[in-house]
Amino acid sequence: MPTIELPGLDLYYERSGSGRRLLFLNGSGATLETSALLIKVFTDRFDVAAHDQRGMGRTSIPPGPYTMAQYAADAAALLDHLGWDSCRVVGVSFGGMVAQELACTHPERVERLGLACTSPGGAGGSSYPLHELADLDPEARAAVGASCSTPASPPRGSPTTPATPASSRSWPAGAAPAPPSRSGARPSSSRRAATTT
């Protein structure tokens with residue numbers, strides 16, 4: 001099993017494919033195992049490196065809470081380990097937030113940035129916690145969908161709403177790497193099963 005030993009963290013990663021270098025960053029609750037089909041899409045054209053985020057899959061669960069800066073530092077450590085000065089980066093969902101943090105903190109390492117189903121994170125920019133939708137009736141789910149698609153406040157970074165860097169956010173140890181809900185509640189601190197997507 002390819003693992004990088006970092007201070008306080010054993011980071012599990014996999015590498016496959018051939019071509020230009022590409023770092024793939026998973027979404028909330030996803031592991032390399034559960035994302036295998038999505039990662040495979042890139043391996044015909046790219047040399048793909050991907051890792052299980054801290055607290056997920058085969059990567060260890062260090063004490064938390066974790067910051068977005070730590071997730072990005074984990075990705076940068078993988079690039080260092082592989083000897084990649086730079087690469088293309090694809091981030092899906094939460095992995096897109098990590099990818100944005102990596103691009104902000106290490107811009108020289110990101111050749112191109114692909115973001116899928118993600119948000120900028122920070123106050124007012126987090127993804128809606130989909131696990132909360134499961135217990136809602138269809139009308140309530142529709143109301144949540146309508147409220148998510150209609151801005152309730154000026155865009156972040158406008159003169160009346162300051163930008164909040166994603167690196168200032170943190171999440172509990174062992175939780176799926178998901179931001180707090182819109183109500184500010186933190187996700188459960190229990191580790192999700194590796195088969196959860």
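The values are calculated or read from the model by the stated rules, or taken from the named source; none is laboratory data. No experiment lies behind these values; they were computed from the predicted model shown. FYI the Cβ positions are ideal-geometry reconstructions off the backbone, even for glycines, and counts take in every protein chain you see. Heads up: the accessible areas ignore ligands, DNA and RNA and are worked out on the full protein's heavy atoms, side chains in. Shrake-Rupley method; radii C 1.70, N 1.55, O 1.52, S 1.80 Å.
Taking the stated definitions as given, is residue 55 closer than 22 Å to residue 123 by Cα and crowded, with 21+ Cβ neighbours inside 10 Å? Criteria not met by residue 55. Restricting to segment 63-118, name every residue that is in a helix (DSSP H, G or I), open to solvent by 10 Å² or more (accessible area, probe 1.4 Å) and in contact (Cβ under 8 Å) with a residue 40 or more places away in the chain. Within segment 63-118, 69, 77, 81, 82, 100, 101, 104, 105 qualify. Selection of segment 42-62 for residues being closer than 21 Å to residue 104 by Cα and either free of Cβ contacts under 8 Å to residues at least 40 places away in the same chain or more than 12 Å from the chain's Cα centre (by Cα) (or both) yields 49, 50. Of the listed requirements (1) closer than 13 Å to residue 13 by Cβ; (2) in contact with a Leu (Cβ under 8 Å, 6 or more places away or on another chain), residue 90 misses just one: (1).
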